[in-house]
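Undergrad: Sharing a structure, written as structure tokens. Questions coming.
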Amino acid sequence: MSQTGSAAHSGRPSRTGTRRRRGALGPTLIVLVAVVLVWWLVSELFTDWLWFKNLDFGQVFTTRWVTGVVLFACGALLTGATSAVNMVIAWRNRPVNAASLESDLLDHYRGAMSRRTKTFIAVPSVLLGVIAGAVATGNIDTTLAFLHRTSFGTKDAHFGMDVSFFVFTMPFLQFVLAALMGALVLGTVLAGLVHFVTGSVHAPTMRLRDELFEPRISRPGRQPLSSPFNGAAQVHLSVMLGLVFVVYGLQRLLSRYEFAVSDNDSLFTGIGYTDAHSRITARLIVAIISFICAAMFFANAKLKMWRLPGTAIILMIVSSLLIQGLYPSFVQQFGVKPNEPDRERPYIADQIAATRKAYDIDDVQVSDYSAKTTVSAGQLKSDAEALPGIRLVDPAIVAPTFEQLQQVRGYYSFPPVLDVDRYTLNGQTTDTIVAAREIDISGLPDQSWNNIHTVYTHGFGLVAAYGNRLQDSGEPEWIEGDIPPTGLLDEKEPRLYFGEQESQYVIAGNVEGATPVELDTPGGSDTGGEQHTTYAGKGGVAIGNPIVRAMYSTKFADLNLLLSGRVNKASRILYDRTPQQRVKQIAPWLTVDQDPYPAVVDGRVVWIVDGYTTTADYPDSQHVNYQDTISDSASDWRTSGDTRQVNYIRNSVKGVVDAYDGTVKLYDWDPSDPIVQTWSKAYPGLLLPKSEISADLLDHLRYPQDIFKVQRQILGRYHMTDPGSWYNQSDLWVVPADPRDKSGKSEPPYYLSIKWPGDSSAVFSQTAVYVPNNRENMGAYMSVVADASSKDYGTLRVLRLSGSEQVPGPNQTYNAIVSDQQVANKLLAFVGQSGNATADALYGNLLTLPMGDGLIYVEPIYTQRKDSSSGGSAAGSYPVLRFVVVRYGTHIGIGTTLQDALDSVFGGDSGADTGTQPPAQAAPGGGSGGNSGDPVARQALSDANAAFAAADEALKKGDLAGYQSQLAIAQSKVNEATKALGG
């Protein structure tokens, strides 16, 4: 029997059958992968559409999606078609009887391409087209901005072009030319490869150098030069290389305008002397040479003489090195550097003007201010109205106090730095410290899927405290607090489903009549137990449909969305729940302020988010690193991660996100801004007119921090409008380091109500200070009217201090306060002597205010009980305000109230009544303040204060023995009070 027959009768599968089954496996896997990818893509697109549709911003999705599809198609078609056409041309012009390539591998490719020509052409063309299309979709914003561009009405100083050309048109043209160049280069390379494989390109019999530099003459024993290309290949590649040089020339022409937005030899951003006198002209010359090269390549298609394009390429290389590289360097080094102030003077003047306009500081009011440093009784009489409004509560210090007194449960949390707002209460507008009580899933004892996604779905209530008033215990005086919220803010809907800490998705809503599962309040029911609720808002996407639920299960890679019984036909999925996320997704062209803040507006808790229009393409305006500029000691815990360079900024949009249903409203705050006008045309109806802002909302809008920080940074140098002073930096101002921060981070700006010299009343403002470069005395004081309801909103004002009399700066003042003897004596009752400290002294924000014809510093001092064993903060302790320190000139005063401290500085009578009540001298550390009324403790602390006063008198008289004796008595009384309070 034959082997074949034996195999057939033995029952073993034949080789043919095995190959057939194996051949089916590959296509099956490909189909499965394709189905999975399509399902994933459809899920992503459809769920995104549902998210935008829920917020009534479907047009944003469709506009961006359609633009992306068009760009993908254009990019894919341009690159794919160019690649395919060039490969087809090269293949059709292959030699009929091509010689062997003397390479088995190349001969194998030639044969394979002959058998599967369409595959060899289609696969790389499609692949490169898809890649190019994907890259093109990254230019959606660039394209939309170009199509809807708006004129700035301002021309740059050198080219005379409208600023809109640099901001909108130039980036789009760069994108188009880069796409063309990429397609042409890829098409040329692929064409060359096909020509090489098919034998249209071969090794020349002589070196190309011989043809370029030696005449084509016959010599004994030498063959004439043969071209490395056949005729068709030479024509094809010559035309393609000619097109490449045409596009390169266009890129060089366009690149001349880039100097207006590039950094000029590290001196400034924009066109300088060397740019104007050599670099811009050099780019033009190189562009002309590129066009000449293109013409030579086109001529070579007819003449078939590689000497011409070869010479052109060498000319291009040499001219680029000389004209674009060496010559400008020579001009800069020998023509500019020795005379830089004079050479660059007109360009510096243009750059100063452009920078001030781009950062909106061109109309800042700078006034010379001869600050007094001497004190006299009644000196603050003219500022008496503003004094009661001075904010004493530091939002960067009292977060633990809010946590201990208003957290209620461990799964609620407040941010590390609270926010400052203002409310009109009982007819009086007051600065307030506010924070939203949000869910913090890290505090959950059981972090199961059900708890994270279906039970602990929302925070509860806004907590607010007076910024200038305290309880007798030194704790904040609450305006609104507890669960359910009680107070003066009238929170009609306190549930917070959207907030800064809500990073996970949640499932909310339930079928009618079902038992609620969402934890609402930890107490408050008739039995004192937990209360539960069911979400009734319109926020989130309905996922009752099984297919939609499957899509979201795919989106979040979470099978529980399909398996959990808590997901039903009435469920809604809430995700992307932080205010910044929601605003950024709806308006991706905005730069979002890193500090959204909560407010009660018309009875609902909302998040107010400031949006900026920015660009790095404003001609001749100075670039800054956005993240570095907005970073300071109070913002380390929340960084935007936005490290872009910017040189133009406007606070063009005010965003409002409802904390309950997540609805977003964007208001066109600065309709004069050309960038926001452009995006309003791209997305009609996206921005609501400013006139639709309610009066209640307007009362809570404020001048945002990030733009103020950017303007503060720029103004430090660009208040100097004389080019010579700017160049010499003779009056350079810098932002001082925060005296409380050991890392050297910049001091943050502060929100507080101040009365500007010459004004009739105080106004809610944002303030900052400057010190001279490499000095620590005060250089200038800056503020902006932050109250959006004020007609002067956004007015930047600066007091430039006289150089004839030195006024201490923040770090000098802080050093004077912490080393002051009377301050040390006051704190001794709480922090004890060295090695025996019972509490920590926490120095609050050092506020600076223009008062009494000078500058006054106000600093609150808190104490917090220490753990005697570890030396850290004791469990359950929190900062309590104990003292207020005031410094005017070189005079320092400390008291239990602002009034006491002011009177201490100004001869016993400051001339003003702050209207504040002194906090009781409770025990060191935290607690609710319930023990502050213990009679034994109060008497002991009273005796301790008397002993400290006696010690001060003894020290003034030079009686060191009496001083030591009284300090010992005071310490004894402090210990007695501590024991009485269980310390």
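The values are calculated or read from the model by the stated rules, or taken from the named source; none is laboratory data. Keep in mind that this is a model prediction, so the values were computed, not measured. Here the Cβ is made from the backbone with ideal geometry for all residues, glycine too, and neighbour counts use every protein chain on show.
Let's see how each residue does on (1) under 27 Å from ARG437 (Cβ atoms); (2) aromatic (Phe, Trp, Tyr):
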{"position": "PRO546", "(1), (2)": "no, no"}
{"position": "ASN560", "(1), (2)": "no, no"}
{"position": "LEU574", "(1), (2)": "yes, no"}
{"position": "TYR626", "(1), (2)": "no, yes"}
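Undergrad: Restricting to the stretch 352-395, count the residues that are charged (D, E, K, R), over 18 Å from LEU846 (Cα atoms) and either part of a loop (DSSP other than H, G, I, E, B) or without any contact (Cβ under 8 Å) to a residue 24 or more places away in the chain (or both). Spell out the reasoning first.
TA: Of all residues in the stretch 352-395, those charged (D, E, K, R) come to 356-357, 360, 362-363, 368, 372, 381, 383, 385, 391, 394.
Then keep just the ones that are over 18 Å from LEU846 (Cα atoms); that gives 356-357, 360, 362-363, 368, 372, 381, 383, 385.
After this cut, where a residue has to be either part of a loop (DSSP other than H, G, I, E, B) or without any contact (Cβ under 8 Å) to a residue 24 or more places away in the chain (or both) as well, the list is 360, 362-363, 385.
Going through the stretch 352-395 one residue at a time, the tally reaches 4.
Undergrad: Taking GLY153 as the residue in question, decide whether it is of a type outside the set (Val, Ile, Thr) and on the phi > 0 side of the Ramachandran plot.
TA: yes
Undergrad: So ILE649 fits all but one of (1) farther than 19 Å from VAL167 by Cβ; (2) β-branched (Val, Ile, Thr); (3) touching a helix residue (DSSP H, G or I) at 6+ places or on another chain (Cβ under 7 Å); what number is the exception?
TA: Failing condition for ILE649: (1).
Undergrad: While we're here: Consider the stretch 107-144. How many of its residues are charged (D, E, K, R) and either within 28 Å of LEU71 (Cβ to Cβ) or touching a residue at least 24 places away in the same chain (Cβ under 8 Å) (or both)? Talk me through it step by step, then tell me what you get.
TA: As a first pass, look at the stretch 107-144 and keep what is charged (D, E, K, R): 107, 110, 115-116, 118, 141.
Applying the additional criterion that residues be either within 28 Å of LEU71 (Cβ to Cβ) or touching a residue at least 24 places away in the same chain (Cβ under 8 Å) (or both) yields 110, 118, 141.
Qualifying residue count, the stretch 107-144: 3.
Undergrad: Considering each of LEU732, LEU688 in turn, give the residue that is in contact with a Lys or Arg (Cβ under 7 Å, 6 or more places away or on another chain), without any contact (Cβ under 8 Å) to a residue 24 or more places away in the chain and either closer than 30 Å to GLY68 by Cα or outside the structural domain of THR424 (by TED's automatic domain parsing) (or both).
TA: LEU688
Undergrad: Answer with yes or no whether LEU193 is out of contact with any Phe, Trp or Tyr (no Cβ under 8 Å at 6 or more places or on another chain), assigned to a helix (DSSP H, G or I) and under 30 Å from PRO95 (Cα atoms).
TA: So LEU193 passes the test.
Per-residue answers, yes or no, for (1) over 30 Å from ALA276 (Cβ atoms); (2) surrounded by fewer than 23 Cβ atoms within 10 Å (Cβ to Cβ):
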| site | (1), (2) |
| --- | --- |
| GLN581 | yes, yes |
| VAL600 | yes, no |
| VAL605 | yes, no |
| SER631 | yes, yes |
| ARG644 | no, yes |
| TYR648 | no, no |
| GLY655 | yes, no |
| ASP668 | yes, yes |
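Undergrad: OK, next. In the stretch 396-417, which residue that is in a loop (DSSP other than H, G, I, E, B) and without any contact (Cβ under 8 Å) to a residue 60 or more places away in the chain is surrounded by the fewest Cβ atoms within 10 Å (Cβ to Cβ)?
TA: Ranking the candidates gives GLY410 first.
Undergrad: Find the helices (runs of 4 or more DSSP H) located wholly in the stretch 517-631 whose residues include 2 or more that are under 30 Å from PHE268 (Cβ atoms) and at pLDDT below 95, and list them. First the steps, then the outcome.
TA: On the way: elements: 546-555, 560-563, 579-586, 626-630.
Result: 626-630.
Undergrad: Considering ARG712, ARG740, which residue is over 22 Å from ASP593 (Cβ atoms) and crowded, with 19+ Cβ neighbours inside 10 Å? Write out each step before concluding.
TA: Values: ARG712 fails: over 22 Å from ASP593 (Cβ atoms).
Step by step, each of ARG712, ARG740 is checked, and only ARG740 is over 22 Å from ASP593 (Cβ atoms) and crowded, with 19+ Cβ neighbours inside 10 Å.
Undergrad: OK, next. Only one of SER873, SER868 is out of contact with any Cys (no Cβ under 6 Å at 6 or more places or on another chain), modelled with pLDDT under 90 and closer than 20 Å to GLU475 by Cβ. Can you tell me which?
TA: Exactly one residue qualifies, and that residue is SER873.
Undergrad: Related question: So, in the stretch 406-424, of the ones that are modelled with pLDDT of 90 or more and of a type in the set (A, V, I, L, M, F, W, C), which residue ends up nearest to VAL763 (Cα to Cα)?
TA: Result: VAL420.
Undergrad: If we keep just the residues of the stretch 654-668 that are farther than 14 Å from ARG604 by Cα and touching a residue at least 24 places away in the same chain (Cβ under 8 Å), which is farthest from the chain's Cα centre (by Cα)?
TA: Per the stated criteria, the residue is TYR667.
Undergrad: Within the stretch 804-819, can one find any residue that is touching a Gly at 6+ places or on another chain (Cβ under 6 Å) and at pLDDT below 95? Working first, answer last.
TA: Applying the first criterion (touching a Gly at 6+ places or on another chain (Cβ under 6 Å)) to the stretch 804-819 yields none.
Scanning the stretch 804-819, I find no residue that is touching a Gly at 6+ places or on another chain (Cβ under 6 Å) and at pLDDT below 95, so the answer is no.
Undergrad: Now a separate question. Among the numbered criteria (1) buried (at least 21 other Cβ atoms within 10 Å of the Cβ); (2) of a type outside the set (Gly, Ala, Ser); (3) at pLDDT below 90; (4) under 27 Å from TYR857 (Cα atoms), which single criterion is violated by PRO918?
TA: (1)
Undergrad: Continuing with this model, one more query. Consider the stretch 346-381. How many of its residues are among the hydroxyl-bearing types (Ser, Thr, Tyr) and either buried (at least 19 other Cβ atoms within 10 Å of the Cβ) or in contact with a His (Cβ under 9 Å, 6 or more places away or on another chain) (or both)?
TA: Of the residues in the stretch 346-381, 6 are among the hydroxyl-bearing types (Ser, Thr, Tyr) and either buried (at least 19 other Cβ atoms within 10 Å of the Cβ) or in contact with a His (Cβ under 9 Å, 6 or more places away or on another chain) (or both).
Undergrad: Sticking with this one: Filter the stretch 236-284 for residues that are aliphatic (A, V, I, L, M) and either under 26 Å from ASN339 (Cβ atoms) or without any contact (Cβ under 8 Å) to a residue 24 or more places away in the chain (or both) and give the result.
TA: At the first step, the residues of the stretch 236-284 found to be aliphatic (A, V, I, L, M) are 237, 239-241, 243-244, 246-247, 250, 253-254, 260-261, 267, 271, 276, 280, 282, 284.
Correct list: ALA260, VAL261, LEU267, ILE271, ALA276, ILE280, ALA282, LEU284.
Undergrad: Of everything in the stretch 415-470 that's hydroxyl-bearing (Ser, Thr, Tyr) and under 27 Å from the mean Cα position of the chain (by Cα), which residue is nearest to ILE608 (Cα to Cα)?
TA: Only one residue fits best here, namely THR432.
Undergrad: Next question. Has the stretch 852-864 got at least one residue that is part of a loop (DSSP other than H, G, I, E, B), within 29 Å of ALA780 (Cβ to Cβ) and modelled with pLDDT under 90?
TA: Yes, the stretch 852-864 has at least one match.
Undergrad: Right, next: Restricting to the stretch 518-536, count the residues that are surrounded by 19 or more Cβ atoms within 10 Å (Cβ to Cβ) and over 20 Å from ILE452 (Cβ atoms).
TA: The qualifying residues number 0.
Undergrad: Mind listing whichever residues of the stretch 845-862 are farther than 18 Å from GLU385 by Cβ and acidic (Asp, Glu)?
TA: The answer is GLU859, and nothing else.
Undergrad: I'm trying to understand the selection: among the residues of the stretch 501-517, which are of a type in the set (D, E, K, R) and buried (at least 19 other Cβ atoms within 10 Å of the Cβ)?
TA: Passing the criteria: only GLU502.
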